[in-house]
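The values are calculated or read from the model by the stated rules, or taken from the named source; none is laboratory data. Quantities reported herein were computed from a predicted structural model and do not represent experimental measurements. Here the Cβ positions follow ideal geometry from the backbone for every residue, glycine too, while neighbour counts run over all protein chains shown. All accessible areas refer to the heavy atoms of the entire protein, side chains included, with ligands and DNA or RNA removed. Shrake-Rupley method; radii C 1.70, N 1.55, O 1.52, S 1.80 Å.
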2 protein chains.
Amino acid sequence: MTTRIDSLDTPIAVVDVAKMKSNIGSMQRQADSLGVRLRPHVKTTKCMQVVEEQIRAGAKGITVSTLKEAQAFFAQGVTDILYAVAMAPTKLPQALELRRAGCALIIVTDSVAGAKAIVEFGRANEHGFEVFIEIDSDHHRSGVRSNDPILVEIASILHQGGAVLKGVMTHAGESYKLNTLDALQEIAELERSECVKAAEAIRHAGLPCPEVSVGSTPTALSAVQLEGVTELRAGVYVFFDLVMHNVGVCTLDNLALSVLTTVIGHQPEKGWIITDSGWMAMSRDRGTQAQQRDYGYGVVCDENGSLIDGLLLRSANQEHGVASFEESTIVDVEQLYPIGTRLRVLPNHACATGAQYQAYEALKENGEIEHWPRVNGW
Amino acid sequence: MTTRIDSLDTPIAVVDVAKMKSNIGSMQRQADSLGVRLRPHVKTTKCMQVVEEQIRAGAKGITVSTLKEAQAFFAQGVTDILYAVAMAPTKLPQALELRRAGCALIIVTDSVAGAKAIVEFGRANEHGFEVFIEIDSDHHRSGVRSNDPILVEIASILHQGGAVLKGVMTHAGESYKLNTLDALQEIAELERSECVKAAEAIRHAGLPCPEVSVGSTPTALSAVQLEGVTELRAGVYVFFDLVMHNVGVCTLDNLALSVLTTVIGHQPEKGWIITDSGWMAMSRDRGTQAQQRDYGYGVVCDENGSLIDGLLLRSANQEHGVASFEESTIVDVEQLYPIGTRLRVLPNHACATGAQYQAYEALKENGEIEHWPRVNGW
């Protein structure tokens, strides 16, 4: 039996498969033209059907944010996996188990203590982990600076301790705060140059550093050249979202994820349309709040995904969303959007909204719906 | 085999069972002393073990935010269930199925269109739904005003259409924005008096209105008297959280939910402690942002739950949290909280943080851990 969207109850997370494929194709072409491998970060979707499409389009390996993702995608046949969060020593047994089962899992560290924990556990278990050292290219979060002497110390501990020093990686998370092409190109170049510098420092010390891995969706799409880089990582591009739209790396028409919702009430005097897409359906992510245009909890479209000009989901309780036009707009909301009307809401942040669901409902070009499960939790 | 907390990998959502029981007991005593039934809103925990404890303490019936919760708790033997979100016409078949299976499900409407949909569907299926009319007591969200002529029209449509007009209900969500006892007592009285007025208007029109149901955690704990009210609803009190602490209805010591996390790195020059409790583990809820004290993504405690003075989870990426002290505090974070250190983070909003997990890990007084599943999704 074929499922159609109108047979599904709300709220649900709908993926426009044509838009998703187009986004995947664009990023793959960008990586190809820059001469680097694309290793997509699958933390956005945590969904095998999406990953399959990325691999079909040319991706080489994947990046994950949890070992649970690594386990799930390895079980589905993906073997080249980068776990891009600094390794907690307590998680090493899980990583070892994956590697012994045949998964080419790469782990990450950015500290002397972390490197020592990896080599000590490796030695105790007669295993050489493959490791990336995380570089801090933009003062955003984790990582060691390219000119910090600790970098070579970490590399040395790993190499001499029997680990395989696979390379360096960085993520310029500060790029999410920008919104001009000049600034994005500048941070993309900073991400590249800092990571390449780090690789050179390690090589200069006589240590191996074959891989140089960089990326975020904004920098990946803005980079002019990636000399010295071997692979590009990016995640949210697969669906895009309102935050990425404000950054300037997609149009609203590229957004492939939306939440299908039903009108359940009104406050006609206030122009409020009450929906069943509260924050449980949208997530609490208010990523556009600090950007040039605050979209509330999302941009409202009709059931077919066409934008309704000026209609935003302006507030949200757990299972209630409140949509309205600008205060100056006089609209009979009860008449225009009666109870039972179905709408679609474009989210601020695709990673956070997706995480509110156990699965996506993938809307194909022929109108059929496929149920695509996610790998949630840890 | 008994599970202990130190055998579990992070991040996990830990429930301090002793604190939870104490919170449940306090709210039950409050309802008892006000002479009303307590019908807890289980949307906070969506967890059968918690609901069992609430019922053991004296709760009569439960409130749910999704029909999936209703289905799950009915399957576990709870029959008296209020679905406290205005009924979408498309969800009526699910409600009917539950009622025909023996669940005394009460549904809610606040509009003429909604009431008509209920009676039409009921008539077509020869079924009389039990219905609460939602009252807007504080201009917060949904509901009809107590003095709006539409109120009696809705009551009349339901009654004459063969539905069972069970009563009126309201939720003073604006109470979450307050933080003084005077203001809380005032809004609790507004919630009570508006809902009672609505019931009287319906009765005055010769229609039945046996039940008057009010509540939110802040108003329930602040109400001085509930004359005319028959039942009290509240949800988040079972765990409390930093938002409720800022409202002033609990102490930090009452908070029963925390996220157990591991230190995975540092930026020593900035005083940053990087943890594996990013926003996926904490939720994106920044509910304290607009309150008197902004706690970032949470208050950090040691592994045993003792507060670490001044240490907050100040920012979060998907799987990375960044904890730090005030800028003026000079601390050797690498020395004090080395990689592998386990910490616990008290969240802004227990409903949102819980929703990031499939289950709670319930820490009992004897140190044993029980795995308590949640009913997520729709």
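Helix-only estimate, please: 222 nm mean residue ellipticity of chain B, summing -39500 (n - 2.57) across DSSP H runs of length 4 or more and dividing by its residues, to the nearest 500. Helices in chain B give a 222 nm mean residue ellipticity of -9500 deg cm²/dmol.
Over the residues of segment A:254-378, compute the C-alpha Rg and express it relative to 2.2 N^0.38 Å. List each step's numbers first, then the result.
Working: Rg = 14.5 Å, N = 125, 2.2 N^0.38 = 13.8 Å.
For segment A:254-378, the normalised Cα radius of gyration comes out at 1.05.
Between copies, the label points at B:Glu327 (set 7 angstrom from Cα along Cα-to-Cβ) are spaced 3.4 nm, reported in nanometres from shortest to longest.
Overall, segment A:134-253 carries a charge dipole of about 280 debye about its Cα centre when +1 sits on the Cβ of Lys and Arg and -1 on the Cβ of Asp and Glu, all other atoms neutral. How big is the antiparallel share of DSSP beta bridges in the protein assembly as shown, given as a percent to the nearest 5? Bridges in the protein assembly as shown are about 55 percent antiparallel.
Across chain A, the longest run free of exposed loop sites, meaning GluC sites (Glu not before Pro) lying outside DSSP classes H, G, I, E and B with no more than 13 other Cβ atoms within 10 Å, spans A:1-125. Sequence-distant contacts, meaning Cα pairs under 8 Å at least 6 residues apart, place the relative contact order of chain A at 20 percent.
Could you size up the charge dipole of the protein assembly as shown around its Cα centre, putting +1 on the beta carbon of Lys and Arg and -1 on that of Asp and Glu, and report it in debye to the nearest 20?
1300 debye
Largest first and in whole Å, give the semi-axes of chain A's equivalent ellipsoid, each being the square root of 5 times a Cα gyration tensor eigenvalue.
Equivalent-ellipsoid dimensions as semi-axes: 41, 22, 17 Å.
Chains A and B: how much accessible area gets covered up at their contact, both sides added, probe 1.4 Å, in Å² to the nearest hundred? Between A and B, the summed buried area is about 4500 Å². Phi angles across segment B:305-311 convert, under the Karplus curve 6.51 cos²θ - 1.76 cosθ + 1.60 with θ = phi - 60°, into 3J(HN,Hα) values of x, 7, 4, 9, 4, x, 8 Hz, Gly and Pro given as x.
Label-to-label distance, B:Glu370 versus B:Glu227, with points set 7 angstrom from Cα along the beta-carbon direction: 4.2 nm. The share of alpha-carbon pairs in the protein assembly as shown lying farther apart than 52 Å comes to 14%.
Please identify which residues in segment A:267-286 have an amide N closer than 20 Å to a label point set 7 Å out from the Cα of B:Val112, following the Cα→Cβ vector. Residues passing the 20 Å test: A:267-274. Shielding value for A:260-266 is 6, the average number of Cβ atoms from other chains within 10 Å of each residue's Cβ. Only protein heavy atoms count here; under a 1.4 Å probe, B:Leu96 has an accessible surface of about 10 Å². Projecting the Cα atoms of A:Leu313, A:Ser324, A:Leu343 onto the dipole axis of segment A:250-378, where Lys and Arg carry +1 and Asp and Glu carry -1 at the beta carbon, places A:Leu313 farthest toward the positive end. The heavy atoms of B:His371 offer some 120 square angstrom of accessible surface to a 1.4 angstrom probe. A DSSP coil position with no more than 15 other Cβ atoms inside 10 Å describes the following trypsin sites (Lys or Arg not before Pro) in segment A:234-310: A:Arg293.
For segment B:332-378, the alpha carbon positions stretch 46, 27, 16 Å along the principal axes, listed from largest to smallest.
The residues neighbouring B:Ala86, those whose beta-carbon lies less than 11 Å from its own, together hold a net charge of -2 under the Lys/Arg +1, Asp/Glu -1 convention. Charged side chains reduced to their Cβ positions (Lys and Arg at +1, Asp and Glu at -1) give chain B a dipole of some 1060 debye around its Cα centre.
With respect to chain A, whose longest principal axis is taken over its alpha-carbon atoms, helix A:112-124 is tilted by about 70°.
Between B:Arg100 and B:Leu307, the simple label model (points 7 Å from Cα in the Cβ direction) yields a spacing of 5.5 nm.
Once the Cα atoms of helix A:181-204 and of chain A are each reduced to a long axis, what angle between those two axes, in degrees from 0 to 90 to the nearest 10, is obtained? Value to nearest ten degrees: 20.
Segment B:13-60 and segment B:154-184 have Cα centres lying 21 Å from one another.
Computed log10 I(q)/I(0) for segment A:103-224 at 0.10, 0.11, 0.21 Å⁻¹: -0.31, -0.37, -1.06, from the Debye equation with unit scatterers placed on every C-alpha and solvent omitted. Of B:Asp182, A:Asp32, the residue with the largest accessible area leads and the full order is B:Asp182, A:Asp32 (1.4 Å probe). Against chain A, whose longest principal axis is taken from its Cα atoms, helix A:17-34 shows a tilt of about 30°. Annotation: extensible slack from A:Ala75 through A:Glu186 equals 36.0 nm (criterion: 0.36 nm per residue apart, minus Cα-Cα distance). For the rotation that carries chain B onto chain A, the axis lies closest to a Cβ at B:Arg284, 2, where the number is the distance in whole Å. Kindly provide log₁₀ I(q)/I(0) values, in the same order as q = 0.21 Å⁻¹, from the Debye equation applied to equal alpha-carbon scatterers of segment A:15-138. Scattering profile of segment A:15-138, log10 relative to I(0): -1.17.
Along its first, second and third principal axes, ordered by size, segment A:1-61 spans 45, 21, 19 Å in Cα coordinates. Along the charge dipole of segment B:1-139, Cβ charges K/R +1 and D/E -1, which of B:Phe132, B:Phe73, B:Met87 sits furthest on the positive end? Value computed over the given set: B:Phe73. Relative contact order of segment A:64-163: 24 percent, from C-alpha pairs under 8 Å at least 6 residues apart in sequence.
Ratio of segment A:171-260's C-alpha Rg to 2.2 N^0.38 Å, to two decimals? Kindly include the intermediate steps, with their values, before the conclusion.
Numbers: Rg = 15.0 Å, N = 90, 2.2 N^0.38 = 12.2 Å.
Rg over 2.2 N^0.38 Å, computed on Cα atoms: 1.23.
Placing unit charges on each Cβ (+1 for Lys and Arg, -1 for Asp and Glu) gives the protein assembly as shown a dipole about its Cα centre, and among B:Pro208, B:Val152, A:Pro268 the Cα reaching farthest toward its positive end belongs to B:Pro208. Of the beta bridges in chain A, as assigned by DSSP with both residues counted there, near 55 percent are antiparallel.
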